[in-house]
Amino acid sequence: MALQPMNWASIKQNIESGELQNLKRSPIETEKYHEHKRILAEKNIEIGDYILNKLGWTLNELASVNDISEEEKLSLSFSRKDLYKLSVNDFPYNFEPQVSHLLIWSKINLPLYNKNESSTDMNPEMKTKIETFIHNNLSKYLDLDMKDDYCWFINYRNLQSIKGIAHVHLLIRCVDENGPQGNRCQRIKNEILNEGFEPIS
């Protein structure tokens, strides 16, 4: 758990250095998350099944689309709109208020890391494809820049609470010109969620 909100500079530094274990929820969000899982468990619902139902996907769909080689997964990732969905993170990490925490869910098991449970080595082709997918959409539709406005990561397998459904954490930093009463940041987030992202070839 993280007792204090992490600022943007620290978020970026931890992602760039690979110290993803330092990105954590607040005690309140952690408690909410555990309570959510407890309620699901009482109903005999696995967290993965809950997410699939929320996304409108099935295990059979995931199994079918992933019955391909690693090279084919790399090629197919983010190539069609039916292969991914965007959502807010219902249990965001403890970041400063200017940071929106979104998730990009993928039907394809994104081959970013080696299959080793503790591997942190990235596949450069997959990394580039994720960055291109995000950059093309955010820069085209929302004029955001990776240097200052957003960053992304995929948790290492040993840090993932939901291992069966690939997802990218997308963090967008937005400061309203008119202070807390401004609505630019909410507008940007709504625009992303309502319009979605365009696929890449």
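The figures follow:
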{"item": "Qualifying positions in region 149-186 - over 17 Å from H101 (Cβ atoms), at pLDDT 75 or above and open to solvent by 30 Å² or more (accessible area, probe 1.4 Å)", "result": "R157, N158, K163, G164"}
{"item": "All positions within region 45-60 that are aromatic (F, W, Y) and either in contact with an Asp or Glu (Cβ under 7 Å, 6 or more places away or on another chain) or part of a helix (DSSP H, G or I) (or both)", "result": "Y50"}
{"item": "Subset of region 1-21 [under 20 Å from K163 (Cα atoms) and surrounded by 15 or more Cβ atoms within 10 Å (Cβ to Cβ)]", "result": "I15, L20"}
{"item": "Residue selected from region 62-82 under the condition of a type in the set (S, T, Y) and over 16 Å from T132 (Cα atoms), by the criterion most open to solvent (accessible area, probe 1.4 Å)", "result": "S64"}
{"item": "Sole exception among (1) polar (S, T, N, Q); (2) open to solvent by 30 Å² or more (accessible area, probe 1.4 Å); (3) in contact with a Leu (Cβ under 9 Å, 6 or more places away or on another chain) for Q98, by number", "result": "(3)"}
{"item": "Some residue of region 68-88 being touching a His at 6+ places or on another chain (Cβ under 8 Å) and either at pLDDT 95 or above or not polar (S, T, N, Q) (or both)", "result": "yes"}
{"item": "Close pairs from region 56-80: first under 28 Å from E46 (Cα atoms) and among the charged types (D, E, K, R), partner modelled with pLDDT of 95 or more and open to solvent by less than 70 Å² (accessible area, probe 1.4 Å), Cβ under 6 Å, at least 6 apart", "result": "K73/I108; R80/P199"}
{"item": "Qualifying residue in region 70-90 (condition: of a type in the set (D, E, K, R), under 22 Å from E31 (Cα atoms) and assigned to a loop (DSSP other than H, G, I, E, B))", "result": "yes"}
{"item": "Any chance D145 is loosely packed, with under 14 Cβ neighbours inside 10 Å and not in a helix (DSSP H, G or I)", "result": "yes"}
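The values are calculated or read from the model by the stated rules, or taken from the named source; none is laboratory data. Just so we're clear, the structure is a prediction, and the values are computed from it rather than from any experiment. Please note: Cβ atoms are built from the backbone with ideal geometry, for glycine as well, and neighbour counts cover all protein chains shown. Protein only, heavy atoms only, side chains kept; ligands, DNA and RNA dropped before computing areas. Shrake-Rupley method; radii C 1.70, N 1.55, O 1.52, S 1.80 Å.
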